[in-house]
Structure formats: structure tokens, C-alpha cells
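Undergrad: Take this structure first; my questions come after.
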């Protein structure tokens with residue numbers, strides 16, 4: 001190891017340049033609120049241990065690129081979104097083990113009453129290449 005004395009961090013121009021970087025914006029949030037809401041999306045990943053102000057326990061966020069969606073009976077948003085996973089969505093994602101970029105369909109199907117409130121039920125399908133092409137064609141025709 002060299003005995004060369006390093007400059008203090010405050011004198012490094014790269015630190016000054018990095019300090020000027022704008023903040024990274026987080027993905028917008030998508031929330032399934034109305035029975036029948038659905039997304040056709042590509043899986044981007046999952047972030048575990050996300051702390052929120054409204055819940056004491058850390059949450060898991062499903063990161064997706066929504067290619068088409070329906071919200072409250074109308075056309076929904078497209079783009080990169082985060083979805084806070086409910087217990088049911090977490091169970092689906094744990095079971096499916098999607099790879100990054102894999103297309104899927106997720107629909108808010110119904111609400112069941114449970115001991116501690118209500119449980120949102122979801123329909124889910126991994127989409128094959130053939131199904132993806134059919135869906136893309138149908139969306140393009142609209």
C-alpha cells in the first residue's frame with residue numbers, strides 16, 4: 001500500500017458533480033380499488049421491506065410495467081408502477097416466481113369477508129408468447 005496521502009473528500013470534483021444529481025423519482029403507485037380492475041403488465045421485480053407511514057410492518061412492492069389496464073370500468077394508466085402487495089398478491093407472486101420481463105394478467109376479481117375485515121381475491125395468469133401476441137393484436141385493434 002502506498003504512503004501517498006489522499007485528498008479530503010471535500011476537494012474531489014466528482015463529489016461536487018454527484019451532489020448536483022436530481023433525486024430519483026419512485027414509480028407511481030397503482031392500486032386495485034374496484035372489482036374488475038385489471039392490468040396486463042411485465043414483471044420488473046419485487047422490493048421487500050418497504051416501510052410506509054400507514055403500516056407498522058414493512059411491505060412488499062411489486063414493480064411492473066403496465067402495458068394496458070382497466071380502472072373503474074375505463075382505460076387505466078400505462079407505464080412503470082409499484083403495487084403494494086396484499087397477502088393474496090404476495091401468495092400469487094411467491095408461487096409463480098416470475099422472471100424479469102415476463103408478461104402477466106392480474107385482475108381484482110372479488111371481495112370476501114374474513115375474520116379481520118375483507119380479503120381481495122385476484123385472478124392471475126402468466127401469458128405465453130402466443131397469448132401475448134393475441135392480446136397485443138387485440139389492444140392494437142382498439
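The numbers here are math on the coordinates, done by the rules we state, and not lab data. Here the structure is a predicted model, which is why all the values come from computation and not from measurement. With ideal geometry, Cβ positions are generated from the backbone for all residues, glycine too; neighbour counts draw on all protein chains shown.
Undergrad: Neighbour counts of other C-beta atoms within 10 Å: give me 102, 40 arranged from fewest to most. Let's see the in-between values first.
TA: On the way: 102 15, 40 22.
Neighbour counts put them in this order, fewest first: 102, 40.
Undergrad: Taking only the alpha-carbon positions of the stretch 27-141 and ignoring solvent, what does the Debye formula give for the base-10 log of I(q)/I(0) at q = 0.11, 0.12, 0.16 Å⁻¹?
TA: So the normalised log intensities work out to -0.36, -0.43, -0.77.
Undergrad: Give the Rg/Rh ratio for the stretch 78-123, taking Rg as the radius of gyration of the Cα atoms and Rh as the Kirkwood radius, to two decimals.
TA: Values: Rg = 12.3 Å, Rh = 12.2 Å.
Result: Rg/Rh = 1.00.
Undergrad: Sticking with this structure for a sec: When only Cα pairs under 8 Å and 6 or more residues apart are kept, what is the percent relative contact order across the stretch 27-141?
TA: On the way: 220 pairs, mean separation 30.9, N = 115.
Over the stretch 27-141, the number comes to 27 percent.
Undergrad: Moving on. Label residue 113 and residue 50 with points 7 Å out from Cα along Cα→Cβ: what is the distance between them in nm?
TA: Between residue 113 and residue 50, the simple spin-label model gives 3.2 nm.
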